[in-house]
Every structure is written in structure tokens, then in C-alpha cells.
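The values are calculated or read from the model by the stated rules, or taken from the named source; none is laboratory data. The structure presented is a predicted model; accordingly, all values stated were derived computationally and were not measured. Reconstructed Cβ throughout: ideal geometry from the backbone, glycine too, with neighbour counts over all protein chains shown. SASA here: full protein model, heavy atoms, side chains in, ligands and nucleic acids out. Shrake-Rupley method; radii C 1.70, N 1.55, O 1.52, S 1.80 Å.
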Amino acid sequence: MTGIDVTQQASIAYQAMLKVIETSEPTVAEAIRQELTDQRTSLKLIASENYASLPTLLAMGTWFSDKYAEGTVGHRFYAGCQNLDTVEAAAARHAEELFGADHAYVQPHSGIDANLVGYWTILSHRVETPGLAELGAKSVNDLSEQDWEELRHRLGEQRLMGMSLDAGGHLTHGFRPNISGKLFHQRSYGTDPATGLVDYDAVRAQAREFKPLVLVAGYSAYPRRVNFATMREIADEVGATLMVDMAHFAGLVAGKVFTGDEDPVANAPVVTTTTHKSLRGPRGGMVLVDDEFAADVDRGCPMVLGGPLGNMMSAKAVALAEAKTPAFAQYAQDIVANAKALAEGLLRRGATLVTGGTDNHIVLVDAATSFGLTGRQAESALLEAGIVTNRNAIPRDPNGAWYTSGIRLGTPALTSRGFSPEDMDRVAGLICEALEGTRPAANSKGLPGKAKYAMADGLAARVHAEADELLGNNPLYPGLEL
Ligand code: PLP
């Protein structure tokens, strides 16, 4: 580095920033201060959250927010985008180099937006109208109104197959109430009931029968690795385009934990992601594509996205530059080592885990089998004890998607704070202690409820105190003074 004390400079910057914000709206300044305190004092095990670096955070708060820049680098619908071109080009270049992608589109505002861009990219590239060639049109974006009418008809006939929500897929992978499940005819693949693992033969058989245009791989709550080479083989066999949503594990791909058959970018022509989960960047999304899809993905804005957020693209460039360092590769290894330690700690204390363990950053606890609690009860009890998690459906969940039977845990955030495998074992102990001392409580009608719970006297405070000790040993943004 340059000899600059980053934390000291960031303290000065944030102190000044808060003073300035206070002159317009003191409530917001106070909430910003309180949010840091809350994040510093809770054990964050939400698998989709992280703590971005101070340079990444600072890059978000600039006048790039004030610039409109629809279009792409060098081809904007607005004048005066030369500096925004610089940051977008830097973010795209870092992403292409880091992931070995032909082309990176860094404008999506979030993961859901990235998936919409991904679907639009595949549809606009692959769905043809009879008039396309005769019209000399290069893509659907050049069609006449009459051709659009025909295209609307054809778009309505396309098929998508993704992992079901209760097996760990995301809403945008074809869940019926989501637009992905309405826009497409959809089918979901699940996991093997005995092992909880993806059964590739079953996916292949289903794909052969259903013949989707888009085969989606990737997950929000699956604690194992996926063989994307096999998924690609299946897609190729049935004429589908494989789209991998690596939102959750992009950091493990960047850090070269997932390589070879497990590398989504080497195996799928379209890869979508968020930038704020294991990748440790700002809140946002990206789409990485093979050259063949580059022209289509670049039409994401304004076809399905609003104007790009220049401030967020600057922060993406900063975070992606950081993700290229050896320190980040070590961080990615540590995330997995910590998840394994957490899983082993839970198993040793008698908990039941979906798939029996983990080999990525996620641990999915079957709270119903382990502790006789719904996911909702377990989530609330843990929160009272200072442990922030989220409830999650488990495969074939009898309690449905609202109350659920599972608790999803993830290690990217605590690993960013410096937690070690030994610390994670203590975290496993705290989780078991808190949940073993919690019982379901009757609801207002006196019936067994799915939300209410009762913790043993003093238990929450005891666990909280131990959690505080662990947090104190691994401070968030050490030295940052507000
Ligand atoms: N894709 C996956 C696999 C996710 O887990 C999530 C969010 O949790 C998303 C997409 C959506 O990301 P965002 O909330 O940024 O829209």
C-alpha cells in the first residue's frame, strides 16, 4: 500500500461526513451512527450479507450519483459521461480479468436485476421471429411492430428450468409468483430426498423431457458445491442455454475456491451475480457472458434496467480490484474453513444439518428436527441472544416458506471480521445453547404456535454476553472512530 493509514483517514472522512449530513437531516446522521454500532455488536450469520472494505464504502458516496449515463462505455444517450466511462470500464475490466470472462456488464443495480438482464439476454439472442432475417434485423431490438406481435407470442412459449425454492434455489429461478415463473413456462428440479444433494441424472431426465430454453443453476440456500460442467452438458444436450446465478458464491469463484468443473464462468455462457455477498463489494449486480451474448447483454439498460448508478459502479471497481489480491484468495479459503468448523461444531453437539454438512459458505440447520422449533422461532430466539440469522425453508418443508423448519447460517461476514475456525466452534456452541433452552409457546388461542417461543430465564443474556466477547476479540473496522 501507499503508507496511508486507511482507517485513520476513513475516520476523518466519516466524522466530517456525519457533521455535514447533520446540517440537513440529523435523524439520518444518527441512524448511520447507530447502524455501525448495531453491526459491530451483533453476530452476523446471514449468509447473503458481508462487510465491504472502507475504500469500497467510501467510493459509494460521490457525485457520480448525479450523472445519467444510459448506454454503454463510449456509447451513451447523455453527454458528459467521460469520467463515468472510466469507472465503468475499470469495473468491467477487473471483472473480466478476475473471473476470466469474455465480457462483463456491470450496470445491474442488484441480483434480481442481473437475473432479469440475463433472461432478456438469452431471450433476445435466441428467440427468433420469421421476419428477422428478411428484415435484415440483427436482433429483436430492431423489429417492426408487426414482428413484435409475433415475438410476443413466441416469448410467451419459452421454458425455464431452475432449482426449486425449498431445495435452495432463488425466487427468480422460476418460482411461480415471481416474474420468472410467469414469463416462462417453468419446471423446478429439487434435490435427492435421501442425501439432500442435486441428483444430476434426475435433472438430466427432467431436462430431456421438458426441453427448457434456459437452464438455471445456482442457489441461495444449498450448502454444497455444484458441478457446472455437468449442468452445461445437460443444457447442451437439450438445446438450453445454461445461466448460472453465482450471487451467493461469487467470492468463492473470485478467490479460486471453485475451479474446474465448479467454476461457473468457465462452464456457462451467461453468469449473473450480486456484488455484495461473499464478493464483499457494494450492493449491486453484474452479468458475465461469452462474446456471443455481449451485444445483447449491453442492452440491459434501457431495455430492462434504469440508468446505471455511477457511484455504485465506482465501488464495484474498487471491490473487484481488491478481490484480485492474494489476501482475498485467502479470505475465500477462510470462509469455507469457517463454514466447515461451524458445521462440525453443530453436528458434534447433536444438531441435524441439511445434506449433513457443508463445502461452501452456507450451513442449513434443520431446526425442527434438532430443537423442535420452527425456523421462525429459532430465528427470533437467536436474535434475542445477539445472533442474527434468517429462517429458511428446507427441502419438502412441512412448515412452508413463511414459518419454515430451517435456519440458514453463512460465514462471509464473520470471516471478514477475522473469525477463526475455533471462534466458529464457539459460535456453534452458542447457537446450540440458545436453541436447546428454547421451547415453542402456545399462540393467542392456546394452541401450539409456529411463531411464539419461550427461552429459559437468563439464557438470552448469558449467550449475548459470550457473543459480545467473541465480537470484542474480532472488532468490525478496528480503529474506525465516529
Ligand atoms: N440471486 C440469488 C441466488 C440470491 O440469493 C439473491 C438474494 O438473496 C438474489 C439473486 C437477489 O439479489 P438482490 O437482493 O441484490 O436483488
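Miscellaneous remarks
- Out of 323, 351, one residue alone is touching a residue at least 60 places away in the same chain (Cβ under 8 Å), out of contact with any Lys or Arg (no Cβ under 9 Å at 6 or more places or on another chain) and either of a type in the set (A, V, I, L, M) or surrounded by 22 or more Cβ atoms within 10 Å (Cβ to Cβ) (or both). It is 351.
- Restricted to the range 309-421, the set of helices (runs of 4 or more DSSP H) holding at least 1 residues that are closer than 23 Å to residue 51 by Cβ comprises 310-323, 326-348, 375-384, 412-416.
- Residue match in the range 452-464 (condition: within 27 Å of the chain's Cα centre (by Cα) and outside any helix (DSSP H, G or I)): no
- Evaluated against (1) open to solvent by 10 Å² or more (accessible area, probe 1.4 Å); (2) within 16 Å of the ligand (Cβ to nearest atom); (3) under 13 Å from residue 109 (Cβ atoms); (4) assigned to a helix (DSSP H, G or I), residue 265 falls short on exactly one condition, (3).
- Residue match in the range 416-424 (condition: touching a strand residue (DSSP E or B) at 6+ places or on another chain (Cβ under 8 Å) and open to solvent by 20 Å² or more (accessible area, probe 1.4 Å)): no
- Test: residue in the range 186-201 that is at pLDDT below 95, within 30 Å of residue 295 (Cβ to Cβ) and surrounded by fewer than 21 Cβ atoms within 10 Å (Cβ to Cβ): no
- Against the conditions (1) buried (at least 24 other Cβ atoms within 10 Å of the Cβ); (2) within 14 Å of the ligand (Cβ to nearest atom); (3) not hydroxyl-bearing (Ser, Thr, Tyr); (4) not in a helix (DSSP H, G or I), residue 251 satisfies every one except (4).
- Any pair with Cβ under 7 angstrom, 6 or more apart, that starts in the range 357-381 at a residue that is assigned by TED's automatic domain parsing to the domain that holds residue 342 and closer than 13 Å to residue 452 by Cβ and ends at one that is open to solvent by 20 Å² or more (accessible area, probe 1.4 Å) and of a type in the set (Gly, Ala, Ser): 374/368; 376/451; 377/451
- Residues of the range 268-287 satisfying the condition of being under 13 Å from residue 323 (Cα atoms) and either open to solvent by less than 10 Å² (accessible area, probe 1.4 Å) or within 12 Å of the ligand (Cβ to nearest atom) (or both): 275, 276, 277, 278, 279, 281, 282
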